[in-house]
Amino acid sequence: MKTVVCPFCGFGCRLLVDEKSMRAKPYPGQPNRGKLCPKGLYSLEFVRSQGRLKRPLKRVGSAMVPISWGVAVEEIANKLLEIRELYGPDAVAFLSSSKISNEENYLLQKIARLFGTNNIDNCARLCHEASVHALKLAVGTGAQTNPYEDLENFNAVLIWGYNPAETHPVVMNYVLRAKRRGAKVIVVDVRETRTMAFADYKLIIKPGTDIVLANAMANVITGEELYDEEFVRSRTSGFSEVRMAVMKYTPEYAETVTGIPAETIREVARAFALAGSGAIMWGMGLTQHVSGVENVLAVINLALLLGYIGEKGGLYPMRGQNNVQGAAYMGALSEFLPGYVPLTDERFRKRVASLWGVDDLPTERGLYLTELWDAIERSDLKALYIVGENPAVSEADFTRVRRALRKLDLLVVQDVFMTRTARYAHYVLPASAFCEKEGSYMNSERRIQWSHKVCEPYADSKPDWEILAMLGRALGLPGFNYTRVEEITVEYFRLFPELEERSVDELKNGEGIFLPRKRLHTWEFATPDGKARFMAVERISPWEEPSEEFPLILTTVRLINHYNTGEMTLRSPSLVKLMGEPKVMINEKDAKRLGITDGDWVDIETRRGRIRMRAKVGGVPEGLVAIPFHFKANRITSPALNKAGTPEFKFSACRVKKMKAP
Ligand SMILES: Nc1nc2c(c(=O)[nH]1)N[C@H]1C(S)=C(S)[C@@H](COP(=O)(O)OP(=O)(O)OC[C@H]3O[C@@H](n4cnc5c(=O)[nH]c(N)nc54)[C@H](O)[C@@H]3O)O[C@H]1N2
Ligand SMILES: Nc1nc2c(c(=O)[nH]1)N[C@H]1C(S)=C(S)[C@@H](COP(=O)(O)OP(=O)(O)OC[C@H]3O[C@@H](n4cnc5c(=O)[nH]c(N)nc54)[C@H](O)[C@@H]3O)O[C@H]1N2
Ligand code: SF4
Ligand SMILES: [Mo]
């Protein structure tokens, strides 16, 4: 039996895998304590599926022909160098993957920066980057503050724009244990979710009005003097601005905007404040809006008012992908060096440069993932190297993404499957799957865990770190002569003072290592003056308002047995058996008005285009339609970006029409 990290969500369960039968069962220790959801349980199935990429492929005309690893890497490197020679290093961009290990993310951002560009990003941009920006501003570190185990000790859990019963099923065990101890569970969502089945308070909010609700709760907490005066005085700044700003957000006003009764807002604000300790957990319902950063700031203000930090509470931006937290800590983001250190921090930047054997590194922030497509259209960007990312499906308004991908001089896709994105590639490189390689991953609570190799790489595939080491050498970059993955682990350990005394053996054999430590901000915040910053925020309207032509609001959501763009889940027979057909949810009244009954085929249309699926009547309030984002939703979603570069996946204006069956 070997321990392996689950390749799906950011909760970061560990699996015990029997090497002979290749069956997984849950690891009894931290963090999943003997539990798994179906995706983890059946995660080995996609590894053995027929669709795996077997060998490197090169586009010749309209055909993809097999070539050797040596030729593929040599040709790709030469083409990248040629483009750099002609147009400069910023004509090339690298997309890293929150599916690959820390070591692999570390290598790809090292390649990008040594190549001369900060055009390095990952799908965190589509996900929790607004949380990172807000947390950086307010508390100084862009990550979850407390471990999962703390959830059980708090007296209240506020779950906001987040549906863990489907998206992080195992974390629900922690929430439920808290509830059994008497903790109040409050859930805020635009529709009745599975998570609400466990809630003491279910708040159904109008889409995109979360700031108004959070400010109204702050209005009650300040107005009724329920805040923690000592904490506010000694550990924060900016309180008076926030108190002033929320004065006009009375519960009565908030009721008219959010649709939640004023009395309920009061009751919930009081219950949360009087609990004495509490966690706030949030997800894509907050971040995937043009107001994403401000949404998160408004919610963080509540924790700061009540002193729900350290022993008394925690901020839980529950991370999406299994290694999205690690990708960030390893520096696979266009505006941060490893450890979320800004590019402008000269001391740290020079330290990284000297570790890599050069004088300095580029200092201008690179392109965000969501800015690449316009840069390609403008002919500023000529080459894109994508590792484990499927933007032709996962990006908003993907028609323009697909158009841009076609225009590139060089597109390389390194993946385990021939993805929708790989179809546009000039070169496709077969990566080994998670259980075919060794490496470390970091989960949402910032626990670094080792994942062991349980089987040999499929066909002629190679672990991503080996491919990237070959690429680094072919590009003539210094320091890519790795022979074992552990050499990369030791190298990234050197960037973090907290890891200096730790060893790879400890990581391999124990319950993981928290970076930088288990609980953040217990005594001091990571801001320059050590204090948390209240940030007053005002309501921000969605980019696109419903109109006569497009009268309904469209949001996109997740289902428990589907995963993101489906490349992995659709290749798992057991999961395919469990998953239902994704359907558009529409309210009974809207359905009746439009002559739609349960199971009918409908067209959902926005200003970007149209998709067709079956309707499921019920489950959403009047005026809202919700579609599972998996597969095709992004043909029609809004590409408007927030300050952190995340699209407004959760709000488009749309219309729905009944169709004859296709
Ligand atoms: N089964 C499964 N699990 C997954 C994934 C998956 O694809 N499938 N993906 C993983 C990834 S990458 C991520 S990022 C996480 C995401 O995990 P979640 O954040 O839980 O995922 P979503 O379903 O996208 O969005 C959460 C909720 O936001 C609500 N919402 C929409 N608009 C608003 C709004 O304006 N205000 C409020 N308050 N709520 C709103 C939606 O109704 C939805 O219930 O899940 C991870 N886990
Ligand atoms: N409408 C709408 N769109 C959304 C969202 C939404 O809520 N609504 N959510 C957004 C969010 S939060 C996210 S995170 C993104 C996700 O967007 P993506 O990251 O593009 O989606 P995934 O399907 O997770 O793609 C991961 C890819 O990694 C590959 N892979 C798996 N393991 C390995 C490996 O070991 N090596 C390599 N090289 N490749 C590997 C898989 O085959 C797959 O192609 O989608 C975003 N898009
Ligand atoms: S909860 Fe997440 S990490 Fe755990 S088994 Fe399910 S998908 Fe994997
Ligand atoms: Mo995500």
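Quick note: the coordinates plus some simple rules give every number you see, no bench work behind them. All values derive from a computational prediction rather than experimental measurement. A quick note on method: Cβ atoms are made from the backbone with ideal geometry, for glycine too, and the neighbour counts reach across all protein chains shown.
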Handout entry: Cβ-derived FRET efficiency at R0 41 Å, R403 paired with E82, nearest 0.05
Key = 0.95
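Of Y492, Y385, how do they rank once you tally other Cβ atoms within 10 Å and put the fewest first?
Fewest-to-most ranking of Y492, Y385: Y492, Y385.
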Problem - the chain, helix-only ellipticity at 222 nm - DSSP H runs n ≥ 4, -39,500 (n - 2.57), divided by all residues, nearest 500 - result: -8500 deg cm²/dmol
Handout entry: Centroid-to-centroid separation of region 1-27 and region 513-579 [C-alpha atoms, Å]
Key = 25 Å
Problem - the chain: antiparallel DSSP beta bridges as a percent of all, rounded to 5 - result: 50 percent
Handout entry: Cα centroid separation, region 419-492 to region 148-220 (Å)
Key = 37 Å
Problem - Gained length - E538 relative to T483, 0.36 nm times residue gap less alpha-carbon distance - result: 14.5 nm
Practice task
Could you calculate the FRET efficiency of K20 with E506 from 1/(1 + (r/R0)^6), where r is the beta carbon distance between them and R0 is 30 Å, rounded to 0.05?
Solution key: 0.60
Practice task
State, to one decimal in nm, how far the label point of E74 lies from the label point of T256, with both points 7 Å from Cα in the Cβ direction.
Solution key: 7.3 nm
Completion exercise
Ranking P542, L411, L495 by how far each Cα lies towards the positive end of the charge dipole of region 400-542 (+1 on Lys and Arg Cβ, -1 on Asp and Glu Cβ), the top one is P542
Practice task
Take region 552-658, compute every pairwise Cα distance, and split them into 5 Å bins from 0; I just need the percent in each bin.
Solution key: 2, 13, 22, 22, 18, 13, 7, 2, 0
Practice task
Give, as ranges by residue number, the residues of region 258-274 whose backbone N falls under 18 Å from the point 7 Å along Cα→Cβ of D200.
Solution key: 263-274
Handout entry: Loop chymotrypsin sites (Phe, Trp or Tyr not before Pro), region 500-556, which have at most 15 other Cβ atoms in a 10 Å radius of their Cβ (DSSP)
Key = W523
Handout entry: Cα-based reach from K658 at 13 Å (exclusive), listing aspartates and glutamates while leaving out same-chain residues under 8 positions away
Key = D590, D598, D600, D603, E605
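Please work out the FRET efficiency for the pair K518 and S547, using the Cβ-Cβ distance as r and a Förster radius of 56 Å; give the result to the nearest 0.05. Working shown, then result.
Values: r = 50 Å, r/R0 = 0.89.
FRET efficiency, K518 to S547: 0.65.
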Fill in the blank from the handout: Of region 115-142, those with amide N under 11 Å from the point 7 Å along the Cα→Cβ vector of R233 are none
Practice task
Give the angle, between 0 and 90 degrees and rounded to the nearest 10, that separates the Cα long axis of helix 102-115 from the longest principal axis of the Cα atoms of the chain.
Solution key: 70 degrees
Practice task
With +1 on each Lys and Arg Cβ and -1 on each Asp and Glu Cβ, and nothing else charged, work out how big the dipole of region 326-402 is about its Cα centre, in Debye to the nearest 20.
Solution key: 200 debye
Exercise for the section: Compute the separation of the alpha-carbon centres of region 339-407 and region 593-608 and state it in Å as a whole number. Expected result: 38 Å
Problem - Normalised contact order of the chain, rounded percent, pairs of Cα under 8 Å and 6 or more residues apart - result: 21 percent
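Where the only charges are on Cβ atoms (+1 Lys, Arg; -1 Asp, Glu), what is the dipole of the chain about its Cα centre, to the nearest 20 debye? Can you show the working numbers first?
Values: 89 positive and 80 negative charges, 410 e Å.
It comes to approximately 1960 debye.
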Exercise for the section: Filter the cross-link list K54/K99; K39/K583; K248/K643; K577/K650; K79/K407 down to pairs whose alpha-carbon distance in this structure exceeds 22 Å. Expected result: K248/K643; K577/K650
Completion exercise
In nm, the gap between the two label points placed 7 Å beyond Cα toward Cβ at V65 and R612 is 3.8 nm
Completion exercise
The ³J(HN,Hα) series, computed from each phi in region 625-630 with the Karplus coefficients 6.51, -1.76 and 1.60 at θ = phi - 60°, rounded to the nearest Hz and given as x for glycine or proline, is 10, 10, 10, x, 6, 3
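Could you tell me what a quarter of the Cα convex hull surface of the chain works out to, in nm² with one decimal place? Can you show the working numbers first?
Details: hull surface 110.2 nm².
Orientation-averaged projected area of the Cα hull: 27.6 nm².
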Practice task
Of all alpha-carbon pairs in region 129-318, indicate the percentage at a distance above 27 angstrom.
Solution key: 17 percent
Fill in the blank from the handout: With +1 on the Cβ of every Lys and Arg and -1 on the Cβ of every Asp and Glu, the dipole magnitude of region 263-395 about its Cα centre, in debye rounded to the nearest 20, is 460 debye
Handout entry: 13 Å beta-carbon shell around L86, net charge (K/R +1, D/E -1)
Key = -2
Handout entry: Stokes-Einstein translational diffusion, region 467-549 - Kirkwood Rh over all Cα pairs, 1.306 mPa s, 10 °C, in µm²/s
Key = 88 µm²/s
